[in-house]
1. From the list S644, S697, exactly one residue is modelled with pLDDT of 95 or more and more than 32 Å from the chain's Cα centre (by Cα). Which is it?
2. Which ones in the stretch 378-399 are buried (at least 23 other Cβ atoms within 10 Å of the Cβ), of a type outside the set (V, I, T) and over 23 Å from S571 (Cβ atoms)?
3. For the stretch 369-396, which positions are assigned to a loop (DSSP other than H, G, I, E, B), within 23 Å of G552 (Cα to Cα) and not β-branched (V, I, T)?
4. Condition first: more than 21 Å from Y27 (Cα to Cα), buried (at least 19 other Cβ atoms within 10 Å of the Cβ) and assigned by TED's automatic domain parsing to the domain that holds H184. Can you find one or more residues in the stretch 487-496 that meet it?
5. Somewhere in the stretch 558-568, is a residue outside any loop (DSSP other than H, G, I, E, B) and at positive phi?
6. With (1) touching a Phe, Trp or Tyr at 6+ places or on another chain (Cβ under 6 Å); (2) away from the ligand (no atom under 16 Å from the Cβ) as the list, and V312 as the residue in question, which single condition is left unmet?
7. When residues of the stretch 164-189 are filtered for being buried (at least 17 other Cβ atoms within 10 Å of the Cβ) and either at positive phi or among the hydroxyl-bearing types (S, T, Y) (or both), how many remain?
Amino acid sequence: MRLPFVSIAAMAVALAAGSLLRADDGYRLWLRYDRVADESLRATYAAAFTEIALPAPTRPGFSLGSIEAARDELTTGLKGLLGVDLSTVSQPTRDGALLLGTAVRSPELAGLVSEADLRAASEEGYVIRPVIFAGKRCVLVLGNRDVGVLYGAFALLRHVQLHEPIAGLNLVSAPRIQRRLLNHWDNLNGFVERGYAGQSLWRWFELPDIVSPRYRDYARACASIGVNGTVLTNVNANALVLTPAYLQKVAALANVFRPYGIRVYLTARFSAPVEIGGLKTADPLDPAVKQWWTDKVAEIYRIIPGFGGFLVKANSEGQPGPQAYGRNHADGANMLADALVPYGGIVMWRAFVYDNNVPADRHTQGFSEFQPLDGQFRSNAIVQVKNGAIDFMPREPFHPLFGAMPQTPLALELQITQEYLGQSMQLAFLGPLFEEVLDADTFRPNAGSTIAKIVDGSVDLHGISVIAGVANIGDDRNWTGHPLAQANWYAYGRLAWDHQLTSAQIANEWTRLTFGNDSAVVQPITSMLLESHEAVVNYSMPLGLHHIMAEGHHYGPGPWVDQAGRADWTSVYYHRADANGVGFDRTKSGSNALAQYAPEIQNLWGNPATTPDNLLLWFHHLPWDYRMKSGRPLWDEIALHYQSGVDTVRTWQKAWATLNGKMDDERFTHVKQLLARQEHDARVWRDACLLYFQQFSKKPLPAGVEPPEHPLDFYKAQQIHFAPGHPGAH
Ligand code: BDP
C-alpha cells in the first residue's frame, strides 16, 4: 500500500492529540527517534550526552566516512530523542562528551579499554563504555575500524530508544558472521521478483545522475541492524548490469552505501561473455572466457572500489550454467573465484538446483549435485544453500547439504520476502523460523553442530562466512507493504549479526522501537508476532505438508494443482494424497532423501513415532486414521490444525482492536484491514484444503472445525490476476 500523502485532517487530529498520535507513514522504520516522553529520563540522557568529540586520528588509516556517518546519525537521533543540539568538537570540552574513534587510528582511545575488549570487538564490532578522557567524563564509542563506530552509534541510539538505563552502560558486541547480505531479486526494469512492496528501490533509468535520498535511508536501515552487503540484482540475472553504463549506475549506489559499511554485489549471468562479450562460448575452461571475466572483474573494481563479488544461479530453472559445456558447478564457480581473488572478492554459487528430467525426488537433487564437489571449490567460492531442500516452504527440515560439505564454506540463504507465507497481505513474523533453522542440529561431525555454527565457520574453521536474506523491500512508502513485515527485515539483520539472540528478544526490541515502549502496546504486538509464523503454517501447510500453494503467484491454496509445466511444480507431487493416506515417503521405503542426513537424524525422522509432528508428512505417507501423539487420528489432527490457524488470526484481530488510540491512525487502520483480509484468506486455505483432502479421507470434519463456506469447485475456480511479484504476470 502506498501512503505518500498524509491527509490534512489526519495531521490536524495528530497535532491536537500530541506527539504520540502523530500521523505516521512508516517510512522511518525502527529509526524513529521520537522524543523521550518521560522528562526525568530525558534529562538523565541529556546530561549523559552533551557533545560529540571526534579527536583527530594520530595514525593514518583508510577512512570510508563511517565515523562521519556515525556522528550524523547520533546528532539527528539524539536531537529527536532528547531535543538537544549536540555540537561536534575535536576534544571533549565538558562532561558528557560522546567520544568517537577507532583503535587503529587513535591509539590513545584504544588505551582506554582492555585488550580483551578490543579483541571482543573484532573487525566490525564496538565497545561502548564510560571513560575519563582529557579530564572529562565521556562515553566512548570505539571500534577497531571505522565501521565499528557506526554500528556502535546505532547500538547506543537503540539503547536510548528502548529507554535503557545509562548507569553502568557497557555494550560490547561483534558480528558472528562476516558477510551479512540482502539479496534483492530486482530486475533492471524495476520489477521485483517475489517482491510485494512495490517496485525496485533502484531507479536504474535515473542513475547515476539522480541519486535518491532514499538510497541513504536504505543504507542507514541496513547498517543499523548490521547488514553489510547488498546484492542489487535478481538471481535470474540480466547480463546488462555488467555493461559499462550500468556499472556507472551501480557505482553511484556503492558510493552512497560505502560510509555505511555496505558493499555492493551483483548477480553474474553465466552466459554474459556470449551475450555482452561477443564470445561464442561461456565454457568456464575456455581461455578466452576466463580472460573475459578477468577483464570484466578488473573493470568492475576500477569503477566500484570495494565491490563485494558475484552471486550466481546456474543450471537452475532455465538459467545458463557450466553444465551446458559438460562442466560442473565447481568449474563454473572457480573460474569466477579466480577472477575475483586478487581484489578480495567472493563468488556465492547457489545450490538451488533441480531438474524435472531427473527422476529422483526433488528434495535429493541439490545434495546429489553438490555434495560430491566438496573440496573442489576455491577458498573464495561459497556455496549458497537455501534453508530447506525444496524452496522456502512455510516449514522445511533443514537442507541436508549443511551437514555434508565440511570443506566448503556454506552460506545460508533465508527468504525474508514472504513468497509462501502470505506475501505482504499476511502477518508472519519470521524470527522464529530463522531461529529454528539456525538452531537445527546437523550432527556433523557431532551433536551441537548447528546450522548457525556451520555457517559462521566455527565447526569447520572456514575463513569466510556468509548469510543471505532475500529482501522484502520495495519502493512502497513504508518499504515492506505490510507495516509489521518491517520486523522481518529487522529480525534477519539482528540474527545475522548475532545468531544467539532469540526471536522473542528481537520481537520485543523491534516492537518497542517501532511502536514505543508502552507495555499495553508492546505486549499484544509482541505476542502476535511470535505466534504468527506457526499460525500461518497451521492454516496453510501444517504437519509437514508442503508445496500445496496456488501455482505461479503462490498466493493461497492449490492442493489440486496437477499441471504446472513440470511435475515438480505441481502440488500432487508433494502431498501424494490418496485413499490410503497423505504425505511424501522419504524413508527407505520411499525416495530415501533421509539418507542424506546424519544417522542420528535418520533414526529420529525415519520412524513416524519419533518424527516431530511438524515434519511428519514431509517424511512419511500415513493413513488417514494414523494415531497421532495426541491420540487423535491424522485426519482430525490435520483439520484441527487448519482451524487453529484461523482461530489464532481472530485473536489478533481482538488484540489489535485494543490498540485503537494508542498509536497513529494510519498504521492502526492499515494493520486492522490487513488482519481482516488475513482472517478471510486463512479461512480460504482451511476450507479449500480440507475439502480437497476430504475427497480422499472420506471422513467428516471433527468437532470444533467450522464447516466450509463454499464447495470445493468454488475454491478451485478462484483466480488471481496480475498478482504482485509473479514473474509470469508481466
Ligand atoms: C523460487 C521463486 C523463484 C526464484 C527461485 C530462486 O519462486 O521466483 O527465482 O526461487 O530462488 O522460490 O531462484
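The values are calculated or read from the model by the stated rules, or taken from the named source; none is laboratory data. Only a predicted model underlies this, so the values are computations on that prediction, with no experimental measurement involved. FYI the Cβ positions are ideal-geometry reconstructions off the backbone, even for glycines, and counts take in every protein chain you see.
1. After ruling out the rest, the residue left standing is S697.
2. Answer for the stretch 378-399, where residues must be buried (at least 23 other Cβ atoms within 10 Å of the Cβ), of a type outside the set (V, I, T) and over 23 Å from S571 (Cβ atoms): A381, Q384.
3. Of everything in the stretch 369-396, those that are assigned to a loop (DSSP other than H, G, I, E, B), within 23 Å of G552 (Cα to Cα) and not β-branched (V, I, T) turn out to be N387, A389, D391, F392, M393, P394, R395, E396.
4. yes
5. Within the stretch 558-568, not a single residue is outside any loop (DSSP other than H, G, I, E, B) and at positive phi.
6. (2)
7. Final tally of qualifying residues: 1.
So that you can scan it fast, the table gives a plain yes or no per residue for (1) within 16 Å of the ligand (Cβ to nearest atom); (2) in contact (Cβ under 8 Å) with a residue 40 or more places away in the chain; (3) within 24 Å of I346 (Cα to Cα):
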| site | (1), (2), (3) |
| --- | --- |
| L150 | no, yes, no |
| A153 | no, yes, no |
| V160 | no, yes, no |
| L171 | no, yes, no |
| A174 | no, yes, yes |
| I177 | no, yes, yes |
| G195 | yes, yes, no |
| R216 | no, yes, no |
